[in-house]
Amino acid sequence: MDKDRIVVVNPGSTSTKLGLFRATDTGVEKIVVETIDHPQEELDKFQNVLEEKDMRKKAVLDFMAKHGVTKENLLAFAVRGGPVKAMEGGTYEVNEKIVDDILNWRVEAHHISLVGIVIGYELAKEFGVKAYFTDPVSVDEFEDYARLSGLPELPRRSHGHMLNLRAVVRKYASEVGKDIKDVNAVAVHLGGGFSIAAIKNGRIVDINNANEGGPFQVERAGSLPVGDLVRYIYDKKPDKVETLKRIAGKGGMYAHLGTKDFREALKMAETDEKAKLIIDAMLYQVSKEIAAMASVLKGNVEIIIVTGGLAYNDYVINFFKHYVGWIAPFKTYPGGFEMEALAEGAWRVIKGIEQPKVYQ
């Protein structure tokens, strides 16, 4: 029996997305992708994301058994990379060092994606294969001056939807017969959060911090008036955890309109002038960020790539073209490609197309 199965593990806040891919000589083929939902009452039992590891690991093992994955046919695990520390983009082999950093909370943020790395490490040892992660959240390829803010103790951080952004840039490069290293683009991920990135020779050299900056988003506040925010905190003394949730999770379009469903918001906008104003303001701010990232590339922009759930909508794309269509042509890849990108990252290393990066 050929060892050609790649199991993909992508934990989310209330679900775990699992995929099974077949490795071929030319790439990977999707066999099945499933989403395992975790009821909130089950998640409420845990004090932190690491405590969820055994529960989610069982979901992976059940998925593998269901689809006939064994030691005889398993080639590798591909897991979602979490915000451990700033690192170069690419595919890394999961090693003992990164697991030790996660288990001892030497990380940039406590995010559920960290659990996928630990699960991958344990299962790889049990099944006698390797586990890999590709383009984690904390990919940092900034130029030095891109890190600076107006306060030296608060540098800008490179956080965003790195995996999906680089996946669609790679798709575009393949379609036009180029290596990703030969592509300059502005890449835009539009989901619950927005990431707008300057791609220089395939590297993400600048990006808004999707959790804390840039345009306001479907459920995130984006950049806020700093002085007003400081005065609000000192005057109102809001709860820290709830305030952070309001900024990233209960802000943006949701705070204005009470919905996180962009399609519902567009329907509201047909008869509600306020809803139309909010939607247009959000897209206007994204357009400004696209232009800002084009300036990072000194105008040398081959293509503007838009991906994520909002990329399905013609109103969104036409709005951008109206404001920034003068910069470069547009290419859309609606939806997300994280599962495929993780499997392909592992495949490229296994086939020797890329050398694996080493986490240190």
Check: Given the C-alpha centroids of the stretch 267-309 and the stretch 1-63, what is the distance between them in whole angstrom?
Finding: 33 Å
Note to self: Based only on other Cβ atoms within 10 Å, what is the fewest-to-most ordering of Ser13, Ser195?
What the structure shows: Ser13, Ser195
Next item on the list: List the lysines whose Cα lies under 16 Å from the Cα of Lys250, skipping any in the same chain that are fewer than 8 positions away.
Entry: Lys240, Lys260
Check: Local charge sum around Glu96 (other residues, Cβ-Cβ under 12 Å, Lys/Arg +1, Asp/Glu -1)?
Finding: -2
Check: Modelled label-to-label distance, Lys236 and Glu34, 7 Å Cα→beta-carbon offset: nm?
Finding: 4.4 nm
Item checked: Within the chain, longest stretch free of exposed chymotrypsin sites (Phe, Trp or Tyr not before Pro) [DSSP loop, at most 16 other beta carbons within 10 Å] -> 106-325
Margin query: Report the Cα centroid-to-centroid distance between the stretch 94-163 and the stretch 173-228 in angstrom, as an integer.
Written below: 18 Å
Notebook entry, point to check: In deg cm²/dmol and to the nearest 500, what is the mean residue ellipticity at 222 nm of the chain if only DSSP H runs of at least 4 residues count, each as -39500 (n - 2.57), divided by the residue total?
Noted result: -11500 deg cm²/dmol
Notebook entry, point to check: Under a point spin-label approximation (7 Å from Cα along Cα-to-Cβ), what is the Thr14-Met55 distance to one decimal in nm?
Noted result: 1.3 nm
Next item on the list: Work out which helices of the chain, taken as complete DSSP H runs, extend at least 24 Å along their axis over the Cα atoms and score a mean Kyte-Doolittle of 0.0 or more, then list them.
Entry: 273-296
Check: List the GluC sites (Glu not before Pro) in the stretch 255-330 that DSSP assigns to loop (not H, G, I, E or B) and whose Cβ has at most 16 other Cβ atoms within 10 Å. Which are they?
Finding: Glu270
Check: What is the distance, in nm, between label points placed 7 Å from the Cα along the Cα-to-Cβ direction at Asn95 and at Asp261?
Finding: 4.8 nm
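Please identify the trypsin sites (Lys or Arg not before Pro) of the stretch 1-96 that satisfy two criteria: DSSP loop assignment and at most 11 other Cβ atoms within 10 Å. Which are they?
Numbers: sites: Lys3, Arg5, Lys17, Arg22, Lys30, Lys45, Lys53, Arg56, Lys57, Lys58, Lys66, Lys71, Arg80, Lys85; in loops: Lys3, Lys45, Lys71, Arg80, Lys85.
Taking the stretch 1-96 and a limit of 11 other Cβ atoms within 10 Å, the loop trypsin sites (Lys or Arg not before Pro) found are Lys45, Lys71.
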Check: What whole-number value in cubic angstrom gives the convex hull volume per residue for the C-alpha atoms of the stretch 129-237?
Finding: 158 Å³
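Any read-out appearing in this document is the output of simple, stated calculations on the displayed coordinates, not a laboratory observation. As the structure is a computational prediction, the values presented were derived from the model and not from experiment. With ideal geometry, Cβ positions are generated from the backbone for all residues, glycine too; neighbour counts draw on all protein chains shown.
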